[in-house]
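The values are calculated or read from the model by the stated rules, or taken from the named source; none is laboratory data. All values reported here derive from a predicted model rather than from experimental measurement. Counting neighbours? That spans all protein chains shown, and the Cβs are built from the backbone with ideal geometry, glycine included. What goes into the accessible areas is simple: the full protein's heavy atoms, side chains included, and nothing from ligands, DNA or RNA. Shrake-Rupley method; radii C 1.70, N 1.55, O 1.52, S 1.80 Å.
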Amino acid sequence: MDPGDLVLRGGRILDPAAGKPLDTVGDLRISAGRIVEIGRVLDPQRGRVIDITDLWLVPGLIDLHVHLREPGQEYKEDIETGTRAAAAGGFTTICCMPNTKPVNDQRTVTEVIVRRAREVGIVRVRPIGAISQNLEGKALADIADMKEGGIVAISDDGRPVMNAGLMRRAYEYARTFDLPVVQHAEDLDLSEGGSMNEGAVSTRIGIRGQPACAESAMVARDLEIVEWTGARYHVAHVSTARTVALVRDAKRRGLPVTCEVTPHHLVLTDEACSHYDTRTKVMPPLRTLADQEALLEGLIDGTIDCIATDHAPHSPVEKDVEFECAAPGMLGLETALPLILDFVRMGTLDEKRAIIALTGGPARAFGLPGGTLAVGSVADLCVIDPERPFTIDSEHLASKSKNTPFLGQTLAGRAVLTIVEGKVVFDLDGRLR
Ligand code: DOR
Ligand code: ZN
């Protein structure tokens, strides 16, 4: 027996994205970091057994949109705390945005991130490189060199690429290197520094808003350029009904378009901003009920490919200030799965669709490995207790920052075991002790 062999016993094995979708109760064996066998009852002599009766065993979750803040803003988060938070949330692969200090707009920065993540060794970290130098939207970053360093996509996230000509050249480059271009879709001339969604709530509470069309106008422009140039286009954190409609239509026309939605845009509306709680300030802003319904519909019908957290840690320095001065962003890695499982429990979202949106969906959007439990694939896994009560409290969050409006809430369902390449990186109940 290989001492590294592990048998996960008696779980509900769920792999909706596999060539042959799987939903069965049984055992799964891991050897040398790979899934080597799935069956009803596997020989317990061959490997260490972990009992996961009544729990779900799914592919490790994949998050395409995380802000790790290292290098440069380690007082908010660093690669170690961020990846620990990811593991606690059930994620085995995360993609980190380039708006660090310095910006990840060149290979040296990409390599620092990759190296540090390897040293820490918790979950897989795949960096996203900047589209433009220093996110300034003026000149292209060195995309070819960053690709050599290990980036999996390009984005100026946090800011849109306003210059259409630059965006065109970015697509042309990205097409050459087969990299998706991720747009933070916001027309800055329309959003004009608005701190929340423009609508009845912003008028009532007297906060300057930004209209929904600030997002969809940018997506419409981008789709025209994609049609002209080709290139894989991915819309980050889709928040409006119009954007969902545009992406649906683009997919129907066969354009290479994918998109993501955050758990917070699915769960909250601009009503959550009524009390000026800066933890509800995010970009794009929380929208209306009609938008929220369209997002859910888009997720259900596959227009929206995946759920991504936009995990955006901030300290009290950025958040304990007036709403209009506060930095946008909230934590996501540790709350995503419980929030999505809530939709499953309510019957609003099919459990298979939820799992695909957190695993195979993101893997396909960026062309990443993983997102399946097929025999022979790398053993990146997540064990979920779908009923486990989970109170979000600041003391128990692995993240360095605590900026989430869900603090104090008790949700149900969470990851209890996270395994990366056969190695247990999160073990809530000490099953392996
Ligand atoms: O809410 C957000 N926070 N949206 C972004 O686009 C950037 C992010 C951040 O970096 O804090
Ligand atoms: Zn963004």
Notebook entry, point to check: When both residues are 6+ apart or on different chains and their Cβ atoms are under 6 Å apart, which pairs have a first residue that lies in segment 293-307 and is under 13 Å from Val247 (Cα atoms), and a second that is open to solvent by 10 Å² or more (accessible area, probe 1.4 Å) and not in a helix (DSSP H, G or I)?
Noted result: Asp305/Thr258
Notebook entry, point to check: Which numbered condition trips up Gly165, out of (1) away from ligand 1 (no atom under 13 Å from the Cβ); (2) touching a residue at least 12 places away in the same chain (Cβ under 8 Å); (3) not charged (D, E, K, R)?
Noted result: (2)
Notebook entry, point to check: Residues in segment 384-397 that are within 17 Å of Thr83 (Cα to Cα) and either buried (at least 19 other Cβ atoms within 10 Å of the Cβ) or touching a His at 6+ places or on another chain (Cβ under 8 Å) (or both): how many?
Noted result: 1
Checklist line | Matching residues, segment 230-252, being touching a residue at least 24 places away in the same chain (Cβ under 8 Å), surrounded by fewer than 17 Cβ atoms within 10 Å (Cβ to Cβ) and either over 22 Å from the mean Cα position of the chain (by Cα) or within 16 Å of ligand 2 (Cβ to nearest atom) (or both) | finding: Gly230
Check: Out of Pro263, Pro313, Pro285, which single residue is within 14 Å of ligand 1 (Cβ to nearest atom), closer than 28 Å to Arg248 by Cα and either basic (Lys, Arg) or surrounded by 24 or more Cβ atoms within 10 Å (Cβ to Cβ) (or both)?
Finding: Pro285
Note to self: Could you check segment 160-187 and list, in sequence order, the residues that are in contact with a Pro (Cβ under 8 Å, 6 or more places away or on another chain) and either open to solvent by 60 Å² or more (accessible area, probe 1.4 Å) or closer than 12 Å to Leu140 by Cβ (or both)?
What the structure shows: Ala174
Next item on the list: Could you check how many residues of segment 404-426 are open to solvent by less than 40 Å² (accessible area, probe 1.4 Å) and out of contact with any Ser or Thr (no Cβ under 8 Å at 6 or more places or on another chain)?
Entry: 6
Notebook entry, point to check: Does Ile307 fit the bill of being modelled with pLDDT of 95 or more, open to solvent by 10 Å² or more (accessible area, probe 1.4 Å) and either hydrophobic (A, V, I, L, M, F, W, C) or more than 16 Å from ligand 1 (Cβ to nearest atom) (or both)?
Noted result: no
Notebook entry, point to check: Could you list, in sequence order, the residues of segment 307-365 that are under 18 Å from the mean Cα position of the chain (by Cα) and among the hydroxyl-bearing types (Ser, Thr, Tyr)?
Noted result: Thr309, Thr335, Thr359
Checklist line | Qualifying positions in segment 31-73 - buried (at least 16 other Cβ atoms within 10 Å of the Cβ), outside any strand (DSSP E or B) and within 16 Å of ligand 1 (Cβ to nearest atom) | finding: His67, Leu68, Arg69, Glu70, Pro71, Gln73
Margin query: Kindly evaluate Glu293 against the criterion of being more than 16 Å from ligand 1 (Cβ to nearest atom), of a type in the set (D, E, K, R) and outside any loop (DSSP other than H, G, I, E, B).
Written below: yes
Next item on the list: Check Arg279, Arg204 and return the single one that is within 15 Å of ligand 1 (Cβ to nearest atom), over 28 Å from Ala174 (Cβ atoms) and either open to solvent by 10 Å² or more (accessible area, probe 1.4 Å) or touching a residue at least 40 places away in the same chain (Cβ under 8 Å) (or both).
Entry: Arg279
Next item on the list: Kindly check whether there is at least one residue in segment 10-24 that is at pLDDT 95 or above, among the aliphatic types (A, V, I, L, M) and outside any strand (DSSP E or B).
Entry: no
Check: Applying the selection to segment 212-229, what residues are open to solvent by less than 20 Å² (accessible area, probe 1.4 Å), within 21 Å of His265 (Cβ to Cβ) and away from ligand 2 (no atom under 16 Å from the Cβ)?
Finding: Leu223
Checklist line | Residue selected from segment 80-112 under the condition without any contact (Cβ under 8 Å) to a residue 60 or more places away in the chain and under 23 Å from Gly33 (Cα atoms), by the criterion nearest to ligand 2 (Cβ to nearest atom) | finding: Thr83
Note to self: I'd like the full set of residues that are charged (D, E, K, R), within 26 Å of the chain's Cα centre (by Cα) and over 30 Å from Thr269 (Cα atoms), limited to segment 163-207.
What the structure shows: Arg168, Glu172, Arg175, Asp178
Checklist line | Tally of residues being open to solvent by 20 Å² or more (accessible area, probe 1.4 Å), under 18 Å from Val152 (Cα atoms) and within 14 Å of ligand 1 (Cβ to nearest atom) across segment 74-108 | finding: 1
Margin query: Filter segment 281-324 down to the residues that are of a type in the set (S, T, N, Q) and more than 16 Å from ligand 2 (Cβ to nearest atom) and list them by number.
Written below: Thr288, Gln292, Thr303, Ser315
Item checked: Scan of segment 325-350 for residues that are touching a strand residue (DSSP E or B) at 6+ places or on another chain (Cβ under 9 Å) and surrounded by fewer than 19 Cβ atoms within 10 Å (Cβ to Cβ), ordered by number -> Asp342, Val344, Arg345
Check: Of the conditions (1) touching a helix residue (DSSP H, G or I) at 6+ places or on another chain (Cβ under 8 Å); (2) without any contact (Cβ under 8 Å) to a residue 24 or more places away in the chain, Ala290 fails just one. Which one is it?
Finding: (2)
Item checked: Criterion (within 16 Å of ligand 1 (Cβ to nearest atom), modelled with pLDDT of 95 or more and small (Gly, Ala, Ser)) met by exactly one of Ser239, Ser216 -> Ser239
